[in-house]
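To start, the structure under review is shown below, and the notes come after it.
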Amino acid sequence: MLIKAVLVFAKVGLLTIGGGLAMIPLLQDEIVSRGWISLNEFTHMISIAEMTPGPIIVNLATFTGYKLAGVTGAIACTLGVMFPSFVIVTLFSSILIAHKDNPHIPRVFAVIRPVVVGLIAGAGIGLGIQTLSAAADAGGFSAPLQILGIDLVAAVIFAVSALLLWRTDGHPVKVLIVGAVLGIILFSITGG
Amino acid sequence: MNEMIPFLFSQTASDPPPEQSGQDITDLRRIRERQPNQQEGASIVALLWQIYTSFFRVGLFTIGGGYAMLPMFEREIIKKRGWIDQDRLLDIYAAAQSLPGAIALNSATFIGNIVAGVPGAISALLGVATPSIAIIIVVAEFLSRIIEVPIAMYALKGMSAAVVALIADAAIRLGMRSIRTPITLVLALASLVLVVFVRISSVRVILGAVVLGTAYSWLSTRFEQHV
């Protein structure tokens, strides 16, 4: 059973391309339909994965493995989900390292780099729209204070974080903690 | 040589600025040489431990997906350790996103391999994954109750807003470095529009950039040969 689970997670790890959210249907199909965890647990787990560190596939592999066979299962399934991409990335990066003198590589990356900056900015905009919009999220949480569809509390926290980063060269961890504390205080006061 | 390249891409394409020359994505040897040679065995273990702990910190504070870890990478891997530079981080992100697996795991594996080969890749991967494994094992027992605690929800909401600022900050900083010519600006804007408004997957956008970059590199080689 555990070996089967490890293999299933290895398959999921291999088929996950382009970020965690893309493979949620695949994971649900593989894990829930086998009865390893319930649909309810699966849905909760996705919310949990958003608020705990780490990639969603690692979180789900650890959780499912734990349910199946305790800590051993958690570690086995997590190693299973990480193994295929580890092999592929190690091979790919070793090939790049071996061909470091190829004159084409820096030119190709010179084109890719600004494109990746665009993707990062795009990810920021996407997350910004989702976070600052006052509409209720998947967890049924809707903003207590809003103007023109903007969640005012989230907007204030965003502004404070931006100011911290801009004026004080704030460490990302400090910014995250300030965000969490402000979130607890402001949402409690406004009654989220 | 390469008259056209500076015109298109400024210095990033043809000749890297001198201060980065020791940090090429592929320049494994030089990075290794920087490590002390005496007590070889001990220093390798020390380096692997350093990789593990650095990536552990990155993993511990990566909340909200692969892009949210960029600022931690800049702090722990670039600023504190100097293992790679910001251009290389963008290169690695492109590869990490296009290959199978989570961005966080792939970029950790990639950087670990650059710093100390396969053992380095294993240290980095285990380091970045350990915090989430530990936290999930602890949380697994009382999973369903935790998300109903309002304080956890408020903290999460607050952190998400902070993460937006962190990602925007990283995009601006990395952009000021790699966007230096009109063409690179057009490339960045085009990818932003494609991924946000046209909703093309970022993997496809990167693959498109690989095709463009290859064509550009091939053409500039031809240009050089014929003129």
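Specify the residue that is modelled with the highest pLDDT; the eligible residues are those in region A:139-170 that are loosely packed, with under 12 Cβ neighbours inside 10 Å and within 11 Å of another protein chain (Cβ to nearest Cβ). Here the residue is A:ASP169. Before we move on, is A:VAL58 under 21 Å from B:ILE137 (Cα atoms), facing chain B (nearest Cβ under 7 Å) and either surrounded by fewer than 19 Cβ atoms within 10 Å (Cβ to Cβ) or in contact (Cβ under 8 Å) with a residue 12 or more places away in the chain (or both)? Yes, satisfied. With respect to being surrounded by fewer than 24 Cβ atoms within 10 Å (Cβ to Cβ) and under 26 Å from B:ALA188 (Cβ atoms), B:ARG88 fits the description. B:ILE179 - would you say it is without any contact (Cβ under 8 Å) to a residue 12 or more places away in the chain and either in contact with a helix residue (DSSP H, G or I) (Cβ under 9 Å, 6 or more places away or on another chain) or not hydrophobic (A, V, I, L, M, F, W, C) (or both)? It is true that B:ILE179 is without any contact (Cβ under 8 Å) to a residue 12 or more places away in the chain and either in contact with a helix residue (DSSP H, G or I) (Cβ under 9 Å, 6 or more places away or on another chain) or not hydrophobic (A, V, I, L, M, F, W, C) (or both). Of all residue pairs spaced 6 or more apart or on separate chains, those with beta-carbon atoms under 7 Å, a first member in region A:24-48 that is more than 17 Å from A:ALA69 (Cα to Cα) and a second member that is assigned to a loop (DSSP other than H, G, I, E, B) are A:HIS44/B:ILE147; A:SER47/A:GLY139; A:SER47/B:ILE147; A:ILE48/B:ILE147.
Look at region B:124-135: where a residue is modelled with pLDDT under 95 and a partner is not in a helix (DSSP H, G or I), sitting 6+ places away or on another chain with Cβ atoms under 6 Å, you get B:PRO131/A:PRO53; B:SER132/A:PRO53; B:SER132/A:GLY54; B:ILE135/A:THR52. In region A:1-80, which helices (runs of 4 or more DSSP H) lie fully inside it and hold 2 or more residues that are aliphatic (A, V, I, L, M) and modelled with pLDDT of 85 or more? Counting at least 2 such residues, we get A:2-15.
Within region A:85-117, the set of residues being out of contact with any helix residue (DSSP H, G or I) (no Cβ under 6 Å at 6 or more places or on another chain) and in a helix (DSSP H, G or I) comprises A:VAL87, A:ILE88, A:LEU91, A:PHE92, A:SER94, A:ILE95, A:LEU96, A:ALA98, A:ILE105, A:PRO106.
Does B:PHE73 satisfy being within 28 Å of B:SER178 (Cα to Cα), at pLDDT 90 or above and part of a helix (DSSP H, G or I)? In short, no. Looking across region A:76-119 at every residue that is in contact with a strand residue (DSSP E or B) (Cβ under 9 Å, 6 or more places away or on another chain) and buried (at least 21 other Cβ atoms within 10 Å of the Cβ), the one that is nearest to the other protein chains (Cβ to nearest Cβ) is identified as A:SER85. Considering region B:157-184, and only residues there that are more than 7 Å from chain A (Cβ to nearest Cβ) and farther than 30 Å from A:THR52 by Cα, the residue that is modelled with the lowest pLDDT turns out to be B:ARG177. If only residues of region B:188-207 that are at pLDDT 90 or above and under 19 Å from the mean Cα position of the chain (by Cα) are counted, the one that is nearest to A:GLY126 (Cα to Cα) is B:LEU192. Once region B:185-227 is narrowed to residues that are without any contact (Cβ under 8 Å) to a residue 24 or more places away in the chain and charged (D, E, K, R), the residue that is farthest from the other protein chains (Cβ to nearest Cβ) is B:ARG222. Of all residues in region B:147-191, which are crowded, with 24+ Cβ neighbours inside 10 Å and among the basic types (Lys, Arg)? Within region B:147-191, just B:LYS157 meets the criteria.
Put simply, of A:ILE120, A:ILE157 the only residue that is touching a Leu at 6+ places or on another chain (Cβ under 8 Å), over 27 Å from B:ASN106 (Cβ atoms) and part of a helix (DSSP H, G or I) is A:ILE157. Annotation: of all residues in region A:23-45 being within 17 Å of B:LEU156 (Cβ to Cβ) and in contact with a Leu (Cβ under 8 Å, 6 or more places away or on another chain), the one that is surrounded by the fewest Cβ atoms within 10 Å (Cβ to Cβ) is A:HIS44.
Evaluate region B:176-186: report whether one residue or more is more than 17 Å from the chain's Cα centre (by Cα) and of a type in the set (D, E, K, R). Yes, region B:176-186 contains at least one residue that is more than 17 Å from the chain's Cα centre (by Cα) and of a type in the set (D, E, K, R).
The values are calculated or read from the model by the stated rules, or taken from the named source; none is laboratory data. Model, not experiment: these values are computed from the prediction. Positions of Cβ are backbone-derived with ideal geometry, glycine not excepted, and every protein chain shown enters the neighbour counts.
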